[in-house]
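I have placed the structure first, in the form of structure tokens, so that the comments after it can refer back to it.
The values are calculated or read from the model by the stated rules, or taken from the named source; none is laboratory data. Owing to the predicted nature of the structure, the values given are computational and were not obtained by experimental measurement. Because the Cβ atoms are built from the backbone with ideal geometry, glycine has one as well, and the counts that use them run over all protein chains shown.
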Amino acid sequence: MESTVSVPQPAAAGPETDASSDAATVRPLYGQRAIAEAQLLCFENPRRGRTYEIAIELPEFTCLCPFSGYPDFAVLRLLYQPGPRVMELKALKLYINSWRDRSISHEEVVNRILDDCVEASEPDWMQIEADFHPRGNVHTVIRVSHGSRRPC
């Protein structure tokens, strides 16, 4: 579903103002469309024969608490040893942003993100940590992993 928003036009200061200057302009929100269409994309690992790690931090993760409906905020840390494919960062960012309006528990969302990332990239090893901001004096950190980590 494509979203639109009404954006009021600023008042013009000169005689170029016409009768339609106070009308709202409707245009698609390209960011919302990009997030709604987000897919995890990968590219071929340029150093397939070498064991190395990629660390990615996504400090603005949000989803909705399935019990209260309030937003939950977390810092996601993804650490992985790539297999045949490496994750493309813009696609990962948009995919992560797609969780912002979904009601889901901390435990479930982190496991689903791991499952989706593993399916897309087939890493040799991957770990995701979600460090959720405290709520009600409770601080939660969820860690999930896939595969066996090798020394670099």
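Checking Ile35 against (1) at pLDDT 95 or above; (2) surrounded by 17 or more Cβ atoms within 10 Å (Cβ to Cβ), which test does it fail?
The single condition Ile35 does not satisfy is (1).
Given the criteria closer than 24 Å to Gly49 by Cβ and assigned to a helix (DSSP H, G or I), does Ala91 qualify?
no
Considering only the range 109-152, state which residues are part of a helix (DSSP H, G or I) and in contact with a Lys or Arg (Cβ under 7 Å, 6 or more places away or on another chain).
Residue satisfying the conditions is Ser121 alone.
From the set of residues in the range 62-94 that are surrounded by fewer than 21 Cβ atoms within 10 Å (Cβ to Cβ) and of a type in the set (Phe, Trp, Tyr), which is nearest to Val141 (Cα to Cα)?
Restricting to residues being surrounded by fewer than 21 Cβ atoms within 10 Å (Cβ to Cβ) and of a type in the set (Phe, Trp, Tyr), the top hit is Phe73.
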